[in-house]
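Working notes, structure below.
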């Protein structure tokens with residue numbers, strides 16, 4: 001684990017912002033999918049089978065319902081196990097809509113990050129050393145040294161997909177900067193420090209490349225890492241579950257990790273606004289139906305509006321040519337979508353000019369979204385209805401065509417009962 005840096009204890013930081021009131025981050029037992037799996041193992045309900053070559057990783061992924069096709073390989077030293085990561089031995093990440101699993105080649109320690117409906121990002125490790133009893137350990141302070149950043153995680157316990165400029169050993173160049181990625185990140189600035197397989201035409205990214213000390217970045221030839229269908233000439237892929245680091249999986253990872261952070265931020269800020277109003281009115285009789293004050297409603301609006309914009313892909317970086325993966329991830333991803341009566345899903349991919357065919361995030365179906373405070377969800381659905389009906393005319397949402405708005409509205413009416421109830425027809 002990393003050391004606590006000079007200048008302040010993360011324990012004090014956490015206590016000041018999260019370990020009070022209704023959040024109580026480190027003091028609350030999580031209920032995320034990893035916590036549930038840990039309980040099932042501890043109780044003896046299940047026993048994980050160890051694979052001779054891959055250890056417990058395949059069994060864990062099966063239990064968490066994570067497909068190996070989601071494999072994304074990152075070779076920059078941006079993990080607490082950085083000493084074991086080099087371009088020849090990248091760290092493997094696997095994920096679904098709620099859980100991220102990290103595996104470092106040669107290490108018995110598996111890494112987990114899960115989305116808890118109440119707490120946001122929660123982190124675990126699992127020591128799979130021979131003779132060691134399988135026991136998930138929740139990691140708080142050490143992980144939050146990085147996974148709690150105003151820049152990278154929106155100021156809450158959350159997730160990071162970073163694009164860096166890696167040297168031949170995988171070290172991130174400090175002078176070139178480290179950038180958290182989102183849907184707004186231009187294609188040609190994505191995935192520095194990652195391996196990328198798949199095709200994308202003449203639009204280049206920064207994956208598959210190491211940069212020698214002193215190289216002039218504006219003239220660096222990124223085309224050498226473009227449109228790779230295999231990594232076989234770069235690394236030995238036999239220790240991994242698949243030989244791919246799929247570009248569509250990477251786009252998905254980039255999108256949803258940011259949305260999870262926006263949900264947590266909206267959750268925390270809305271809870272805080274409501275708690276402070278209730279404290280201010282303690283002991284004062286209020287009429288039923290009065291609702292919240294104008295100040296609290298404005299705080300809720302400010303808390304949720306960034307999530308609205310993120311979920312609707314405002315300022316999404318455009319694609320100039322089609323993107324295609326090679327691992328089968330895209331087909332599996334679409335297959336998992338919740339479909340309306342016309343067979344449409346928010347997981348239907350576009351990949352020609354943008355990520356999704358119907359640009360509203362599928363993360364709306366997760367427990368984390370449904371666990372937002374009632375006032376936050378109500379505001380979100382009201383804004384969604386205004387956007388989809390055309391009542392919202394701001395240029396921010398001009399990327400949504402009339403057909404987009406109609407299709408998204410119809411999908412939500414069929415698949416999201418709370419939208420139907422709160423937003424009306």
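Within the stretch 211-250, the set of residues being in contact (Cβ under 8 Å) with a residue 24 or more places away in the chain, out of contact with any strand residue (DSSP E or B) (no Cβ under 9 Å at 6 or more places or on another chain) and not in a loop (DSSP other than H, G, I, E, B) comprises 217, 222, 225.
Residue 190 fulfils the conditions (1) more than 19 Å from residue 77 (Cα to Cα); (2) under 18 Å from the mean Cα position of the chain (by Cα) except for a single criterion, (1).
Given the criteria out of contact with any helix residue (DSSP H, G or I) (no Cβ under 6 Å at 6 or more places or on another chain), in a strand (DSSP E or B) and either closer than 21 Å to residue 23 by Cα or at pLDDT 85 or above (or both), does residue 125 qualify? Full working, then the answer.
Details: out of contact with any helix residue (DSSP H, G or I) (no Cβ under 6 Å at 6 or more places or on another chain): yes; in a strand (DSSP E or B): yes; either closer than 21 Å to residue 23 by Cα or at pLDDT 85 or above (or both): yes.
Taking the combined requirement at face value, the residue satisfies it.
Table: residues versus (1) surrounded by fewer than 16 Cβ atoms within 10 Å (Cβ to Cβ); (2) in contact with a strand residue (DSSP E or B) (Cβ under 6 Å, 6 or more places away or on another chain); (3) in contact (Cβ under 8 Å) with a residue 60 or more places away in the chain; (4) closer than 25 Å to residue 253 by Cα.
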| position | (1), (2), (3), (4) |
| --- | --- |
| 341 | yes, no, yes, no |
| 358 | no, no, no, yes |
| 395 | yes, no, no, no |
| 406 | yes, no, no, no |
| 411 | no, no, yes, yes |
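Filtering the stretch 363-397 to residues that are within 14 Å of residue 307 (Cβ to Cβ) and either within 19 Å of the chain's Cα centre (by Cα) or assigned to a strand (DSSP E or B) (or both) leaves 363, 364, 366, 368, 369, 370, 371, 372.
Scanning for something closer than 16 Å to residue 94 by Cα and assigned to a helix (DSSP H, G or I), does the stretch 176-187 turn up at least one residue? Step through it out loud before you land on a result.
Step one: list which residues in the stretch 176-187 are closer than 16 Å to residue 94 by Cα, which gives none.
No, that holds for no residue.
Looking at 73, 57, 93, just one residue is touching a helix residue (DSSP H, G or I) at 6+ places or on another chain (Cβ under 8 Å), surrounded by 20 or more Cβ atoms within 10 Å (Cβ to Cβ), modelled with pLDDT of 95 or more and within 23 Å of residue 230 (Cβ to Cβ), and that residue is 93. The condition of being at negative phi and surrounded by 20 or more Cβ atoms within 10 Å (Cβ to Cβ) does not hold for residue 236. Within the stretch 193-210, the set of residues being part of a loop (DSSP other than H, G, I, E, B) and either touching a helix residue (DSSP H, G or I) at 6+ places or on another chain (Cβ under 7 Å) or closer than 15 Å to residue 72 by Cα (or both) comprises 193, 195, 196, 198, 200, 203, 204, 205, 206, 207, 208, 209.
The values are calculated or read from the model by the stated rules, or taken from the named source; none is laboratory data. Given the structure is predicted, the values throughout are model-derived calculations rather than measurements. Note: ideal-geometry Cβ built from the backbone for every residue, glycine included; neighbour counts use all protein chains shown.
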